[in-house]
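J.: The following block contains the structure, expressed as structure tokens.
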Amino acid sequence: KGVAKLQAAGADVILMDHQYLAFAERFPRYQDYKAAMRDVAQNAQAGLFRRYDVMRFWEASGAFEGGELLGSDGLMVDTGYRCLAVALADAIAAAVTPAEAAATRPLR
């Protein structure tokens with residue numbers, strides 16, 4: 001209902017699923033939530049930023065050391081949030097930028 005209200009008001013909507021947790025098996029409905037977010041985004045024709053998958057990739061890649069991505073409690077820390085914000089901004093820019101312009105854009 002919330003997505004429909006936002007869209008009716010003319011807002012573009014991007015949903016973001018929850019963060020990756022190495023200990024997700026402790027929460028029996030964890031994967032159900034991911035599926036529900038995908039369903040809502042698909043049914044509403046809204047964007048879905050797959051934070052879980054991005055974080056899981058980062059964790060598996062070894063791109064971050066020690067507590068740079070996740071704290072001792074397994075939750076995201078400041079560096080992780082900053083990188084997540086950049087990844088989301090890049091995804092939005094890629095979605096609204098014509099491919100030709102993106103190909104000629106200088107790397108940061």
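The values are calculated or read from the model by the stated rules, or taken from the named source; none is laboratory data. From a predicted model like this one, the values you see are computed outputs, not experimental measurements. Please note: Cβ atoms are built from the backbone with ideal geometry, for glycine as well, and neighbour counts cover all protein chains shown. Note: accessible area is taken over every heavy atom of the protein model, side chains too, but ligands, DNA and RNA are not part of it. Shrake-Rupley method; radii C 1.70, N 1.55, O 1.52, S 1.80 Å.
J.: How much length would be gained if the chain were fully extended between residue 93 and residue 44, taking 0.36 nm per residue of separation minus their Cα-Cα distance, in nm to one decimal?
T.: Full extension of this stretch gives 15.6 nm more.
J.: How large is ³J(HN,Hα) for each residue in segment 5-21, as worked out from phi by the Karplus curve 6.51 cos²θ - 1.76 cosθ + 1.60 (θ = phi - 60°), to whole Hz, x for Gly and Pro?
T.: Rounded to whole hertz, the list is 5, 4, 5, 4, 7, x, 7, 7, 10, 10, 8, 10, 7, 6, 6, 5, 10.
J.: In segment 20-96, what trypsin sites (Lys or Arg not before Pro) fall in a loop by DSSP, with at most 16 other Cβ atoms inside 10 Å?
T.: Of the trypsin sites (Lys or Arg not before Pro), the ones in loops of segment 20-96 whose Cβ has at most 16 other Cβ atoms within 10 Å are 29.
J.: Over the chain, with a Gaussian network built from C-alpha contacts below 10 Å, which listed residue (33, 20, 52) shows the highest mean-square fluctuation?
T.: Ranking 33, 20, 52 by mean-square fluctuation puts 33 first.
J.: With every protein chain left in place, what is the accessible area per residue of the chain in square angstrom, probe 1.4 Å? Each step should come with its number before you reach the end.
T.: Details: 7670 Å² over 108 residues.
Roughly 71 Å² per residue, with all protein chains present.
J.: With springs only between Cα atoms under 10 Å apart, run a GNM on the chain and tell me which of 91, 46, 11 wobbles the most.
T.: Looking only at 91, 46, 11, the largest GNM fluctuation is found for 11.
J.: Contour minus end-to-end for residue 31 and residue 85, with contour as 0.36 nm per residue of separation and end-to-end as the Cα-Cα distance?
T.: Length difference between fully extended and current span is 17.1 nm.
J.: If you roll a 1.4 Å probe over the chain with all protein chains in place, what percent of the accessible area is carbon or sulfur?
T.: Details: 4260 of 7670 Å².
Carbon with sulfur: 56 percent of the solvent-accessible area.
J.: Another question about this same structure. What translational D, rounded to a whole number of µm²/s, comes out for the chain from Stokes-Einstein when the hydrodynamic radius is the Kirkwood one over Cα pairs, at 37 °C and 0.692 mPa s?
T.: Values: Rh = 15.8 Å.
Stokes-Einstein gives a translational diffusion coefficient of 208 µm²/s.
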